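Accompanying notes for the structure given below.
The values are calculated or read from the model by the stated rules, or taken from the named source; none is laboratory data. Please read these numbers as outputs of a predicted model, since none were measured by experiment. Here the Cβ is made from the backbone with ideal geometry for all residues, glycine too, and neighbour counts use every protein chain on show. Note: areas computed on protein heavy atoms with side chains; ligands, DNA, RNA excluded. Shrake-Rupley method; radii C 1.70, N 1.55, O 1.52, S 1.80 Å.
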Amino acid sequence: MKSFKSPGRHGYAVEISPFLASTIACASSQYYGIAGCGTLFVLEQREADVSLVRSFDWNDGLFDVTWSENNEHVLVTGGGDGSLQIWDTANPQGPLQVLKGHTQEVYSVDWSQTRGEHLVVSGSWDHTAKVWDPERCQLVNSLQGHEGVIYSTIWSPHIPACFASASGDGTLRVWDVKAGSCRLAVPAHKAEILSCDWCKYDQNILVTGAVDCSLRVWDLRNVRHPVAQMMGHSYAIRRVKFCPFYKTVLASCSYDFTVRFWDYSKNQPLLETLEHHSEFVCGLDFNLHIPNQVVDCSWDETVKVFTPSCLAAL
């Protein structure tokens, strides 16, 4: 296991570059995000360790990060001041642009993955999701409907102009950006939902992770009941991610300090539990280039890169 230490910065989100197998971005905050500044770390994993390439400071906490899908140097972060920041790893001077529109913390940012579509979606504590054109630095659409904080906004990897959101109001929603409307609202949990993700192999399958310690897998063609429910975490699930290499495998990280791997098609879905952090685990991502490699980050001021044995055995 490789590790990077970020003294005084508590990790909120981590994402591996879609272009470069060894490049990692981590969004972090001082004082657990309650006060102080934020730092975006750009890291490089080497054979034996993880090293700092560049860091960017912001005047408020940074809660999420997403890489551009069409420029290997560009990233977007979401901040506690309600703004999105566009950064260029080749430009150490600060953000290229700052996108303002939200009135409260931006907790989620995601760059669209469908071909020919360059859009960023953000989710905020102001209960809105906003869609931006990062190249023109313009707001495309503001979508309302959630009755609570939006914690997670994720583009469909299959359907153009479609994203899902998870909220403190207990619903999972699917949005049509062109129509500017909610296509589907699923009462997915009787608790705050902190994260959602799309299956990479089936455009109808999503997973949610909530404060009730459960993960639920949903088929959008029939949302009366989840396809699967997975229990095991002892505190809120902070982030869920579908594996890019196996259709029914996913990962979750939690305020119980663990990262867990699951196969929802199995009777005993829990594959492995890893407890290598001493604080809340908030960020999680799979490496698209190196099969079965995972990166996470925690409030214990570390980023860790590892290959869980359960995936190596698949």
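A few notes on this one:
- Every pair of residues 6+ apart whose Cβ atoms lie under 6 Å, when the first sits in segment 154-173 and is over 12 Å from Leu119 (Cβ atoms) while the second is among the polar types (S, T, N, Q) and surrounded by fewer than 21 Cβ atoms within 10 Å (Cβ to Cβ): Pro157/Gln113; His158/Gln203; Ile159/Gln203
- Residues of segment 197-221 classified as in a loop (DSSP other than H, G, I, E, B), among the aliphatic types (A, V, I, L, M) and either buried (at least 21 other Cβ atoms within 10 Å of the Cβ) or under 17 Å from the mean Cα position of the chain (by Cα) (or both), total: 1
- Within segment 69-89, the set of residues being part of a loop (DSSP other than H, G, I, E, B) and either under 15 Å from Arg136 (Cα atoms) or of a type in the set (Val, Ile, Thr) (or both) comprises Asn70, Asn71, Thr89.
- Top-ranked residue in segment 136-156 [being within 22 Å of Glu15 (Cβ to Cβ) and among the hydroxyl-bearing types (Ser, Thr, Tyr); ranked as surrounded by the fewest Cβ atoms within 10 Å (Cβ to Cβ)]: Ser156
- So Val227, is it open to solvent by 50 Å² or more (accessible area, probe 1.4 Å), farther than 17 Å from Ala191 by Cα and not hydroxyl-bearing (Ser, Thr, Tyr): yes
- Counting the residues of segment 19-41 that are touching a Cys at 6+ places or on another chain (Cβ under 6 Å) and either within 17 Å of Asn71 (Cβ to Cβ) or surrounded by fewer than 21 Cβ atoms within 10 Å (Cβ to Cβ) (or both) gives 1.
- Residue satisfying all of: in segment 277-314; open to solvent by 10 Å² or more (accessible area, probe 1.4 Å) and acidic (Asp, Glu); nearest to Trp198 (Cα to Cα) among these: Asp285
- Some residue of segment 54-68 being in a strand (DSSP E or B), surrounded by 24 or more Cβ atoms within 10 Å (Cβ to Cβ), of a type in the set (A, V, I, L, M) and in contact with a strand residue (DSSP E or B) (Cβ under 9 Å, 6 or more places away or on another chain): yes
- Residues satisfying the stated conditions in segment 157-175, i.e. under 15 Å from Phe242 (Cα atoms) and surrounded by fewer than 21 Cβ atoms within 10 Å (Cβ to Cβ): Pro157, His158
- Among the residues of segment 156-181, those identified as among the hydrophobic types (A, V, I, L, M, F, W, C) and outside any loop (DSSP other than H, G, I, E, B) are Cys162, Phe163, Ala164, Ala166, Leu172, Val174, Trp175.
- Failed item in (1) within 22 Å of Arg9 (Cβ to Cβ); (2) within 20 Å of the chain's Cα centre (by Cα); (3) open to solvent by less than 70 Å² (accessible area, probe 1.4 Å); (4) of a type outside the set (S, T, N, Q), with Glu44 passing the rest: (3)
- Residue match in segment 229-247 (condition: in contact (Cβ under 8 Å) with a residue 12 or more places away in the chain, charged (D, E, K, R), out of contact with any Gly (no Cβ under 8 Å at 6 or more places or on another chain) and within 22 Å of Val120 (Cβ to Cβ)): yes
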